[in-house]
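Below is one structure, written out as structure tokens; the observations come after it.
The values are calculated or read from the model by the stated rules, or taken from the named source; none is laboratory data. Just so it is clear, the structure is predicted and the values come from calculations on it, not from any experiment. Heads up, the Cβs are rebuilt from the backbone with ideal geometry, glycines too, and the neighbour counts pull from every protein chain shown.
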Amino acid sequence: MNLLVTGGAGYIGSHTCVRLLEAGHDVTVIDNLCNSSPIALERVQELAGRSLRFVQGDIRNRADLDKAFEGGIDAVIHFAALKAVGESGEQPLAYFDNNIGGTITLMQAMEARGVTRLVFSSSATVYGQPDHVPVKEDAPLRVTNPYGRTKLVMEDLIRDWCASRPQLSAVLLRYFNPVGAHPSGRIGEDPRGVPNNLMPYVAQVAVGRRERLQVFGNDYPTPDGTGIRDYLHVMDLAEAHLKAVGYAAAHAGCEAFNLGTGRGYSVLELVRAFEAASGRAVPLDIVGRRAGDVAELTADPRKANAVLGWHAEHGIAAMCGDAWRFQQQAVAEE
Ligand code: NAD
Ligand code: WQD
């Protein structure tokens with residue numbers, strides 16, 4: 001297929017582009033590089049041994065999108081979004097504009113071109129504080145921050161659009177906690193500034209870029225008191241997008257899928273796994289809870305297992321080992 005990947009220069013998009021190219025799809029990326037670099041796309045092409053087409057542009061700009069759609073597109077994989085939970089509380093309008101506004105413009109451009117298949121990056125954040133874990137797709141949706149609000153609104157808009165014509169298909173992928181890197185260490189997650197998420201923070205402490213990890217609370221009702229999450233290797237996530245595009249091509253309608261391993265790790269368990277993978281110590285301090293955090297969030301991934309034929313294959317050792325390889329290379333290139 002000819003695939004348009006929005007946000008394809010970003011963390012998850014770049015790994016997915018490698019997999020799409022390897023599988024023989026033709027790929028156009030549109031990205032405004034607000035949180036990424038064109039170097040990632042050079043490396044995607046090196047790793048896949050094939051080239052892609054890059055349109056530097058903004059999904060809120062219809063002319064940029066029309067350029068990206070030139071030549072015919074069979075399906076869209078939509079990663080482009082702002083994703084920092086804390087920042088979304090300070091600048092909600094920027095999140096509404098970029099994420100929701102961009103998605104509306106994207107759907108308009110798809111409709112104008114007769115493009116009927118959409119794979120969307122949703123998030124486990126749409127479950128907020130769940131009543132039960134592991135969470136199933138039919139659990140109540142409730143959000144705790146403006147970033148999460150944008151994901152919930154975008155899911156609703158896509159579902160309503162999809163219901164307007166029988167030929168439309170949309171796959172809403174609710175990622176749990178994506179981590180890790182391509183096994184080559186050539187692409188990965190290298191956040192600008194202070195990392196918001198645990199794994200890149202741990203990697204930066206291990207490599208000596210930061211002194212100590214702050215563990216946000218050890219008084220949760222979990223075995224060691226620290227928060228439990230369902231970490232998922234980004235290469236497994238890339239594979240899920242390949243399967244989701246195939247599913248969207250074969251099925252009309254809108255379906256949501258959890259993407260996770262189904263297995264949770266606490267903050268301290270993840271730190272120990274990273275220390276084992278890297279051979280480095282990760283000094284830490286226990287500090288107060290972070291506002292908005294939940295004690296435990298894990299996926300019930302059985303719908304994606306059964307319907308998409310997708311299973312997470314990489315364990316925590318590979319997630320940490322690959323993140324570490326990428327982190328070392330990133331520091332060596334500084
Ligand atoms: P990322 O920031 O690395 O990638 C997003 C890409 O989109 C970046 O390259 C950025 O430059 C681009 N972009 C943003 N706004 C744009 C716009 N208006 N026009 C064009 N390009 C734009 O983030 P990521 O971690 O790869 O996340 C990808 C998607 O997955 C996002 O939608 C995010 O909300 C979602 N998600 C991420 C996580 C996670 O923990 N990383 C978890 C759940 C869901
Ligand atoms: C994991 C655990 C923290 C940093 C976020 C978004 C979610 C989704 C994925 C986009 C928690 C603890 C963290 C640190 C710590 N993104 N922690 N010290 O919060 O589960 O999910 O990313 O959709 O929407 O909210 O991930 O990696 O930030 O935190 O102790 O410096 O690590 O308290 O228990 P989270 P995270």
Item to complete: Select, from V207, V153, the only residue that is among the hydrophobic types (A, V, I, L, M, F, W, C), surrounded by fewer than 21 Cβ atoms within 10 Å (Cβ to Cβ) and outside the structural domain of V245 (by TED's automatic domain parsing).
Response: V207
Discussion item. Among the residues that make up region 316-333, is at least one of them surrounded by fewer than 20 Cβ atoms within 10 Å (Cβ to Cβ) and more than 23 Å from L213 (Cα to Cα)?
Written reply: yes
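Could you list all residues from region 123-138 that are within 16 Å of ligand 1 (Cβ to nearest atom) and either crowded, with 22+ Cβ neighbours inside 10 Å or on the phi < 0 side of the Ramachandran plot (or both)? First the steps, then the outcome.
Let us first name the residues in region 123-138 that are within 16 Å of ligand 1 (Cβ to nearest atom), namely 123-128, 130, 135, 137.
Within region 123-138, S123, A124, T125, V126, Y127, P130, V135, E137 qualify.
Test R272 against the stated conditions and say whether it is of a type in the set (K, R), closer than 20 Å to Y220 by Cα and in contact with a Phe, Trp or Tyr (Cβ under 8 Å, 6 or more places away or on another chain). Let's see the steps before the verdict.
On the way: of a type in the set (K, R): yes; closer than 20 Å to Y220 by Cα: yes; in contact with a Phe, Trp or Tyr (Cβ under 8 Å, 6 or more places away or on another chain): no.
It is false that R272 is of a type in the set (K, R), closer than 20 Å to Y220 by Cα and in contact with a Phe, Trp or Tyr (Cβ under 8 Å, 6 or more places away or on another chain).
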Practice prompt. Working only within region 250-290, note down all residues that are among the charged types (D, E, K, R) and over 19 Å from G225 (Cα atoms).
Written response: E255, E275, R280
Worksheet entry | Condition met for L270 (in a helix (DSSP H, G or I), assigned by TED's automatic domain parsing to the domain that holds G10 and touching a helix residue (DSSP H, G or I) at 6+ places or on another chain (Cβ under 8 Å)) | no
Fill in: Within region 71-91, tally of residues that are assigned to a loop (DSSP other than H, G, I, E, B), farther than 24 Å from K243 by Cα and touching a helix residue (DSSP H, G or I) at 6+ places or on another chain (Cβ under 6 Å)
1
Item to complete: Could you tell me whether any residue of region 147-162 is out of contact with any Cys (no Cβ under 8 Å at 6 or more places or on another chain), assigned to a loop (DSSP other than H, G, I, E, B) and more than 9 Å from ligand 1 (Cβ to nearest atom)?
Response: no
Worksheet entry | Positions within region 155-197 being within 13 Å of ligand 2 (Cβ to nearest atom), touching a helix residue (DSSP H, G or I) at 6+ places or on another chain (Cβ under 7 Å) and free of Cβ contacts under 8 Å to residues at least 60 places away in the same chain, in sequence order | P191, P195
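Being under 18 Å from the mean Cα position of the chain (by Cα), under 25 Å from D131 (Cα atoms) and crowded, with 21+ Cβ neighbours inside 10 Å, is that true of even one residue in region 270-278? Let's see the steps before the verdict.
So the first thing to find is which residues in region 270-278 are under 18 Å from the mean Cα position of the chain (by Cα), and the list is none.
The answer is no, given that none of the residues of region 270-278 is under 18 Å from the mean Cα position of the chain (by Cα), under 25 Å from D131 (Cα atoms) and crowded, with 21+ Cβ neighbours inside 10 Å.
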Discussion item. Can you tell me which of (1) crowded, with 21+ Cβ neighbours inside 10 Å; (2) under 27 Å from A256 (Cβ atoms) is the one Q167 doesn't meet?
Written reply: (1)
Response to the item:
Result of the Cβ filter at 8 Å on region 65-91, keeping first residues that are assigned by TED's automatic domain parsing to the domain that holds A109 and among the aromatic types (F, W, Y) and partners that are buried (at least 20 other Cβ atoms within 10 Å of the Cβ) and part of a loop (DSSP other than H, G, I, E, B), at least 6 apart or interchain, is F69/V115; F79/G7; F79/G8; F79/G10
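Just to check your reading of the model, which residue among F120, F79 is within 12 Å of ligand 1 (Cβ to nearest atom) and out of contact with any Leu (no Cβ under 9 Å at 6 or more places or on another chain)? Let's see the steps before the verdict.
On the way: F120 fails: out of contact with any Leu (no Cβ under 9 Å at 6 or more places or on another chain).
Being within 12 Å of ligand 1 (Cβ to nearest atom) and out of contact with any Leu (no Cβ under 9 Å at 6 or more places or on another chain) holds for just one of F120, F79, which is F79.
I'd like to know if region 120-132 contains one or more residues that are in a strand (DSSP E or B) and free of Cβ contacts under 8 Å to residues at least 60 places away in the same chain.
In the first step, residues of region 120-132 are kept if they are in a strand (DSSP E or B); the result is 120-123.
From what's left, free of Cβ contacts under 8 Å to residues at least 60 places away in the same chain: 120, 123.
For region 120-132, residues in a strand (DSSP E or B) and free of Cβ contacts under 8 Å to residues at least 60 places away in the same chain: present.
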Fill in: Members of region 1-42 found to be within 16 Å of ligand 2 (Cβ to nearest atom) and assigned to a helix (DSSP H, G or I), listed by number
Y11, I12, G13, H15, T16
